[in-house]
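See structure below.
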Amino acid sequence: MALIASSHLMLILEFAILMHIGVLLLYNFIPLNFSLVFVLSLILGVGITVLFGIDAACLILPMFNHHEFTHPYGPLAILVVVTSWSIIPVIEDQGSKTSNIKLLVILITAGITLFGAIVHRDFLIMWALGLLTGFLIISKNFKRENSYVNVRNILLIVIGLIVLFALMEGLSQLLGMEIISPLSRIDRMSNNQLSSIKLVIGNTNLFGHTANATYWGNTGLGNGDGYISLPLTFVTLFGLPLPLFYGILVTKKDVIDYFLPGIFGFGFDFGYLFLIIMIIWVISVILIGITVLNKYRQQRERGNKKYLGREALLTGSLSAFIAQTILGLFIITRTINGSALVTYLFLSAMVIANVVTTKR
């Protein structure tokens, strides 16, 4: 049948369409009032903090296996935390005290920062980008004398990241755990990027890549050879005959997935034409998010409280989408590949869903 995916690209596109339709329907049939968004953001924030904490403990304790939850759930952490921060000015405008709420959100933010950095070093970059983007949006939408984004706060973030970087490197040397060393990550990237870039640039074409340039050799398809894909379980669940990297073969995927930015990874596996379309789509999602946020702000300033929950949720979704885009497209493909690609499409759907509103 025509709707059965015959390639990784078709599977991704079909899943993306279904995801956007599903989120659009849920978004407009669930009453996303301010109180519901507020409670959910705090509950999910605490839950993700605990999840990252357990994963960090599993990484340190040798008898347990860790799962790198920061890849699929890292952008969601940005979503819920930025949403929580954007709710605080609304509560202040209503004349309520926010000291206890601020303390809880600060603890959640600090916990995710610490545990997420231990679980995966790249998460820190996306986390910092997401928080900075979120605070910029909040500061623009809520005119405050004491803005979240100022020289003092930016310096504190930079100093905090440097201290955390040094702490992780010190712990890796002390405990002999290279897996948490930021320097070893940088060394591994620098040692492998050049050969990976040569492979991509020399073999990418308009619709994919040279067929025998992949790990599969002469049996390669020339497009959608599995370097960019949805999670393995998504493919095997429907018994689709698509090329897959699994088990020990995952290391063969690193040449694209781990050592290169997403613009090279998506361009290599699907071609320059798809890469151009993807960039247009990403820019469109961001512009739509900014436009709708401005409309929500105008409604709030006129005294309309109907969209307060949506505004907070869109602030978090857009911040997470921008952060994941920057890290995935320009630093490491893995952060928008596999399970992280599912999250990326979900965030896009969360932004686009604001285009349609239902009258109640």
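The values are calculated or read from the model by the stated rules, or taken from the named source; none is laboratory data. Quick caveat: nothing in here was measured; it's all calculated off a predicted structure. Neighbour counts are summed over all protein chains in view; Cβ atoms, including those assigned to glycine, are modelled from backbone coordinates with ideal geometry. Only protein heavy atoms, including side chains, enter the accessible area calculation; ligands, DNA and RNA are left aside. Shrake-Rupley method; radii C 1.70, N 1.55, O 1.52, S 1.80 Å.
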**Message:** Compute the angle between helix 182-203 and the longest alpha-carbon principal axis of the chain, please, reported from 0 to 90 degrees and rounded to the nearest 10.
**Reply:** 60
**Complete:** Here segment 332-348 yields Karplus 3J(HN,Hα) values (6.51, -1.76, 1.60; θ = phi - 60°; whole Hz; Gly and Pro given as x) of 9, 4, 4, 6, 9, 10, x, 5, 5, 5, 4, 4, 4, 5, 5, 5, 4
**Request:** Compute from the Cα atoms of segment 222-330 the Rg and the Dmax, the latter being the longest Cα-Cα distance, and quote both in angstrom.
**Result:** 18.8, 59
**Request:** Mind pulling the angle between the C-alpha long axis of helix 34-60 and the longest principal axis of the chain? Nearest 10 degrees, somewhere in 0 to 90.
**Result:** 40
**Prompt:** Which value, in Å² and to the nearest 10, is the accessible area of HIS67 when all protein chains are kept and the probe is 1.4 Å?
**Reply:** 120
**Complete:** Yeah, segment 151-299 with a ≥ b ≥ c from its alpha-carbon gyration tensor (a/c under 1.5 is rounded, else prolate when a/b outruns b/c, oblate otherwise) is oblate
**Message:** Give the separation of the Cα centroids, segment 290-328 to segment 209-229, in Å.
**Reply:** 40
**Asked** Karplus couplings for segment 270-275 from phi (6.51 cos²θ - 1.76 cosθ + 1.60, θ = phi - 60°), rounded to Hz, Gly and Pro as x?
**Response** 10, x, 5, 4, 5, 4
**Request:** Would you work out which of LEU13, PRO231, PHE259 lies farthest towards the positive end of the dipole of the chain, given +1 charges on the beta-carbon of Lys and Arg and -1 on that of Asp and Glu, about the Cα centre?
**Result:** LEU13
**Request:** Any lysines with Cα under 18 Å of the LYS140 Cα? List them, leaving off those in the same chain fewer than 8 positions away.
**Result:** LYS295
**With DNA, RNA and ligands ignored, accessible area of PHE330 (1.4 Å probe; Å², nearest 10)** = 120
**Prompt:** Once you charge only the Cβ atoms, +1 for Lys and Arg and -1 for Asp and Glu, what is the size of the charge dipole of the chain about its Cα centre, to the nearest 20 debye?
**Reply:** 1260
**Prompt:** Heavy-atom accessible area per residue, the chain, 1.4 Å probe: how many Å²?
**Reply:** 48
**Message:** Can you classify segment 186-271 as rounded, prolate or oblate using the Cα gyration tensor, where a ≥ b ≥ c are the square roots of its eigenvalues, rounded means a/c under 1.5, and otherwise it's prolate if a/b beats b/c and oblate if not?
**Reply:** oblate
**Item:** Under the Karplus curve 6.51 cos²θ - 1.76 cosθ + 1.60, θ = phi - 60°, whole-Hz ³J(HN,Hα) for segment 80-91, x wherever Gly or Pro sits
**Value:** 6, 6, 5, 4, 4, 5, 6, 6, 4, x, 5, 5
**Request:** Take the alpha-carbon centre of segment 250-264, take the same for segment 29-46, and report the distance between them in whole Å.
**Result:** 36
**Item:** Carbon and sulfur %, accessible surface of the chain computed with the full protein complex present, 1.4 Å
**Value:** 71
**Prompt:** ASP187 to LYS295: FRET efficiency via 1/(1 + (r/R0)^6), r the Cβ-Cβ distance, R0 51 Å, to the nearest 0.05?
**Reply:** 0.60
**Fill in**
What helix-only [θ] at 222 nm does the chain give? Using -39500 (n - 2.57) per DSSP H run of at least 4, over all residues, to the nearest 500, the answer is -24000 deg cm²/dmol
**Asked** PRO72: net charge of surrounding residues, Cβ under 12 Å, Lys/Arg +1, Asp/Glu -1, itself excluded?
**Response** -1
**Degrees separating the helix 122-141 axis from the principal Cα axis of the chain, which is the longest one** = 40
**Complete:** Per-residue accessible area, 1.4 Å probe, largest first, puts MET10, MET126 in the order MET10, MET126
**Complete:** Honestly segment 1-121 on the Cα gyration tensor test (a ≥ b ≥ c root eigenvalues; a/c under 1.5 rounded, otherwise a/b vs b/c for prolate or oblate) is just oblate
**Request:** Could you pull the accessible area for LEU287 with a 1.4 Å probe, rounded to 10 Å²?
**Result:** 100
